[in-house]
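Report on the following structure.
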Amino acid sequence: MIPAIQHWPEEFASRYRAAGYWRGETFGAMLRERAQRRPDHTAIVEGDTRWSYAELDARVDALARGFAALGLERGDRVIVQLPNVAPFFSVVFGLFRAGIVPVFALPAHRSTELVHFATRAQARGLVIVDAFDGFDYRGLAAEVREKVPALAHVIVASGDAGPFAALADIEKRDGPLPPEPSSSDVAFLQISGGSTGLSKLIPRTHDDYIYSLRGSNEICELNGDGVYLGVLPIAHNFPMSSPGTFGALYAGATVVLSPSPAPDAAFPLIAREKVTITGVVPPIALVWTDAARTTAHDLSSLKLLQVGGAKLTPEVARRVIDAFGPVLQQVFGMAEGLVNYTRPGDDEEVVVNTQGRPISPDDEILLLDDDGAPVPPGTPGHLLTRGPYTIRQYFCEPEANAASFTPDGFYRTGDIVLVRPDGNLVVQGRAKDQINRGGEKVSAEEIEDHLLAHGRVFDAAVVSIPDAYLGERSCAFVIARAPAPGEAPLKGLELKKWVRERGLAAFKVPDRIVFVDSFHTTAVGKVSRKDLRATLRQRLIEADANEGKTD
């Protein structure tokens, strides 16, 4: 059984139930009700595959029985590493219905991550596809199982199962349907975000996560007529719950799956399926913005284009609105809980310049200075939060729990934010992305936004680098647009002049500018500043004689 985890003291649990946030719903029962209410409505679309709610529910029942027949028991953990394919939903909801706990892994994860997840979660199973994007996941599964012998069951959801069990055979196993879990049970283990180290496991209950879906649906105006397009890896929190694929299923809407976020894959699906809402991360938003101006596909069904996962700077937000119209919604949240949205109907100033406000009236927010004291109103501070869908501890991480949670249950997010008088948050950056240049604090995001305002800059990331005299100094990595015929390539001095002339303090002008073709990214498309810093440090070591020059 999964180790006991006390998520919320009874004082808070009673408050959240009394307020109607927690209604005793479970994922399995929720899907059953939707299938009974609208059995013929399309639930899942993947390529030529179209499952109705009734068909999805029947597959979920079959898999719940099959998993139990394998010997998996309530509370057991099973790693689910599937791309954007329809069986993701039959597998995950089959596990939910059996009271078995999915541990979500991304397709980009490899042996190091999977061994970590399997060991930390004491997993008994792994669900994969045979191959995806040129990679054979069966070989990976064999490697992981050799290192973690307790991983007794490897199930292949599609393709050639090889030496492992085929999902289709699991569906045929007969047996009783396991009893429904409690709504207060851990429903699944999500992975923590960020770009450093191995992910921690985040326990989410049926109660708290379903409330976040319901609240997100209300804010995003997603109902049974909606069509959600999953373009990011759907095991990640943002495309799963904000409102994401799970929110769409909660609404009785349709989920459409794209194999890739590339415009040539996603735009035809938007046109064909009349997609009303989708979510991307800022690097993809930039690519879509360029592609939307010349596409032949009809994107007019899109009511909300959400951008989250990392801060969207005002300059990029304006680009998105220019390309798509007033459909942009900023989303700022974390897999640990707190989610903020700009709202449909907010004026453009709010949508461009803020990351929105929380889902719940009971989302509590503290802003503290470096010494742990509350900051004055209108002043940026370290964001701490607690509420009806924010966890109180990681799974089996005593050291991380001591560092990440206060004794009274506030989660230290690691973000620096400002709360405006209207309640909207403005993200200043990650605490570790604040550059301390000779005692002057520089926000990486602020400088990035000024660089992005230059017409020849496609994308930019500002990072800190060690300096013996100043402690840290700044470097801007820049992806430049291709020069027009007869136009000279963009130079670092030109960009420094640009930043300086926009009225910024001299200490905010990047000390160095490095032009690159692309950024290192995490599995969900976020810029990995850890990798960028490491790359830059290595370049400086190798080119010490050129230090201080622009590239």
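Read the figures in this text as sums done on the coordinates, not as results from a lab. Since the structure is predicted, the reported quantities are computational estimates derived from the model, not experimental observations. As a convention, Cβ positions derive from the backbone with ideal geometry for all residues, glycine included, and neighbour counts pool all protein chains shown.
Things to note:
- Additional length obtainable on full extension of the chain from A19 to D347, 0.36 nm per residue less Cα span: 115.1 nm
- Remark on D415: its backbone amide H falls under 5 Å from those of L383, A431, a criterion applied only to residues 5 or more positions apart or on other chains, H modelled at 1.01 Å from N.
- Of all aspartates and glutamates in the structure, those lying under 17 Å Cα to Cα from K491, and not within fewer than 8 positions of it along the same chain, are E448, D459, E501, D511, D517, E547, D551.
- Note on R456/D133: beta-carbon distance plugged into 1/(1 + (r/R0)^6) with R0 of 30 Å gives a FRET efficiency of 0.40.
- Relative contact order of region 236-352, pairs being alpha-carbon contacts under 8 Å that are 6 or more residues apart, as %: 22
- Assigned charges on the beta-carbon of Lys, Arg, Asp, Glu; the chain dipole about Cα centre (debye): 260
- The alpha-carbon of K147 sits under 14 angstrom from the alpha-carbons of these aspartates and glutamates, leaving out residues fewer than 8 places away in its chain: E113.
- For the chain, the relative contact order is 10 percent, taking Cα pairs closer than 8 Å that sit 6 or more residues apart in sequence and dividing their mean separation by the residue count.
- Phi-based couplings in Hz for region 491-502 (Karplus 6.51, -1.76, 1.60; Gly and Pro marked x): 10, x, 4, 5, 6, 4, 4, 4, 5, 4, 6, 8
- Annotation: extensible slack from E487 through S301 equals 63.1 nm (criterion: 0.36 nm per residue apart, minus Cα-Cα distance).
- Taking only alpha carbon atoms, the chain gives an Rg to Rh ratio of 0.97, where Rh is the Kirkwood radius.
- The helix-based estimate of mean residue ellipticity at 222 nm for the chain, built from -39,500 (n - 2.57) per DSSP H run of four or more residues and divided by its residue count, is -10000 deg cm²/dmol to the nearest 500.
- Distance (nanometres) between label positions extended 7 Å along Cα→Cβ at A400 and A506: 4.4
- Gain on full stretching of the segment that runs from N436 to E11 - 0.36 nm per residue minus C-alpha separation: 148.9 nm
- Rg [Å, one decimal], Dmax [Å, integer] - region 1-86, C-alpha atoms: 16.9, 49
- Computed from Cα atoms, the angle from the helix 27-37 axis to the main principal axis of the chain rounds to 70 degrees.
- Evaluating 6.51 cos²θ - 1.76 cosθ + 1.60 at θ = phi - 60° for every residue in region 343-359, the Karplus couplings come out as 9, x, x, 4, 6, 4, 4, 5, 5, 6, 9, 10, 9, x, 10, x, 4 Hz, glycine and proline recorded as x.
- If you bin all the Cα-Cα distances of region 1-144 at 10 Å, starting from zero, the percentages per bin are 11, 32, 34, 20, 3, 0.
- Angle between the chain longest axis and helix 206-220 axis [Cα atoms, degrees, rounded to 10]: 60
- Here the Karplus relation 6.51 cos²θ - 1.76 cosθ + 1.60, evaluated at θ = phi - 60°, turns the backbone of region 91-101 into coupling constants of 5, 5, 6, x, 5, 4, 5, 8, x, 8, 9 Hz, with x for every Gly and Pro.
- Amide proton proximity set for L328, modelled H, under 5 Å, gap of 5+: L305
- Rounded if a/c under 1.5, otherwise prolate or oblate - region 336-393, Cα gyration tensor axes: oblate
- Estimated from the Cβ-Cβ distance and a Förster radius of 60 angstrom, the FRET efficiency linking A373 and K172 is about 0.45.
- Of the residues I465, A317, L286, the one whose Cα sits farthest towards the positive end of the charge dipole of the chain is I465 (charges of +1 on Lys and Arg Cβ, -1 on Asp and Glu Cβ, taken about the Cα centre).
- Between helix 137-147 and the chain: long-axis angle, C-alpha atoms, 0 to 90°, nearest 10: 80
- Shape of region 379-475, Cα gyration tensor, a/c cut at 1.5: prolate
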